[in-house]
Amino acid sequence: MDFVALRRKHIAWNISQNPSSIAIHRKGKRRKGGGYEEFQEDLPSITVRIFIGGNAQSPQVDSGTIGTVQIDRAYSLLADEYADIQAGTEVSDSFNHLGDKFKVLQVMPHVVNGTVVGYKADLERVR
C-alpha cells in the first residue's frame, strides 16, 4: 500500500470538509550583498482548512499606546503538500479570513516515509 498517496488523500478529504480560500501576505528579509533587504509580497490563493487547535486558551488582551488588541492563539490550519506557508525569524506570513487577521506562528510538515504530505500551522488571530 502506498502510504504517502493515502495520507495525501486523507489530508485533501479533511480540507474538503470545511475549505477556506486564503491569500497569504508575506513580509521578510533576505540576504543581499553584505546585508539584508526587506520585502513584502502577496502569494496566490490556496485552499486550507482552518480549525480550533489543541492550544485553546483564553484570548489575551494587549493594550498598547495606540489601542487595544485581542489575541487568540487557539487556531490552526491544515494545508496540502504544495502550500507555501512559512514562519520564522526572517519571514512572517499573515492573511485575512472572515473579517479577522491571522498570523502564522509555526509550520510543521506532515512527513510519511521521508516525503512531505501536508502542513499544519499554528495561527494567532488578532481582533
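The values are calculated or read from the model by the stated rules, or taken from the named source; none is laboratory data. Because the structure is a prediction, the values reported are computed rather than measured. Methodologically, a virtual Cβ is constructed for each residue, glycine included, from the backbone with ideal geometry; neighbour enumeration extends over all protein chains shown. Ligands, DNA and RNA are stripped out before the accessible areas are found, and what is left, the full protein with its side chains, is counted by its heavy atoms. Shrake-Rupley method; radii C 1.70, N 1.55, O 1.52, S 1.80 Å.
Considering only segment 1-38, how many residues are of a type in the set (A, V, I, L, M, F, W, C) and within 25 Å of His97 (Cβ to Cβ)?
Residues flagged as of a type in the set (A, V, I, L, M, F, W, C) and within 25 Å of His97 (Cβ to Cβ) within segment 1-38 amount to 7.
Restricting to segment 104-127, give me the number of residues that are of a type in the set (Asp, Glu) and under 8 Å from the mean Cα position of the chain (by Cα).
Qualifying residue count for the region: 1.
For segment 71-127, which strands (runs of 3 or more DSSP E) that fit wholly inside it have 3 or more residues that are more than 20 Å from Gln17 (Cα to Cα), touching a residue at least 12 places away in the same chain (Cβ under 8 Å) and open to solvent by 30 Å² or more (accessible area, probe 1.4 Å)? Please lay out each step first, then the result.
Details: elements: 91-97, 100-112, 115-126.
Of the strands (runs of 3 or more DSSP E) lying wholly inside segment 71-127, those with at least 3 residues that are more than 20 Å from Gln17 (Cα to Cα), touching a residue at least 12 places away in the same chain (Cβ under 8 Å) and open to solvent by 30 Å² or more (accessible area, probe 1.4 Å) span 100-112, 115-126.
Could you list, in sequence order, the residues of segment 20-43 that are assigned to a loop (DSSP other than H, G, I, E, B) and within 14 Å of the chain's Cα centre (by Cα)?
Answer for segment 20-43, where residues must be assigned to a loop (DSSP other than H, G, I, E, B) and within 14 Å of the chain's Cα centre (by Cα): Ala23, Ile24, Leu43.
Of all residues in segment 1-27, which are at pLDDT below 95 and under 20 Å from Gly88 (Cα atoms)?
none
Out of curiosity, is Arg49 at pLDDT below 95 and in contact with a strand residue (DSSP E or B) (Cβ under 7 Å, 6 or more places away or on another chain)? Give the steps one after another, and end with the answer.
Numbers: at pLDDT below 95: no; in contact with a strand residue (DSSP E or B) (Cβ under 7 Å, 6 or more places away or on another chain): yes.
No, not satisfied.
Using beta carbons and a limit of 8 Å, which pairs, at least six apart or on different chains, have the first residue in segment 4-28 and buried (at least 16 other Cβ atoms within 10 Å of the Cβ) and the second one small (Gly, Ala, Ser) and not in a strand (DSSP E or B)?
Every condition considered, the pairs that remain are Ile22/Ser45.
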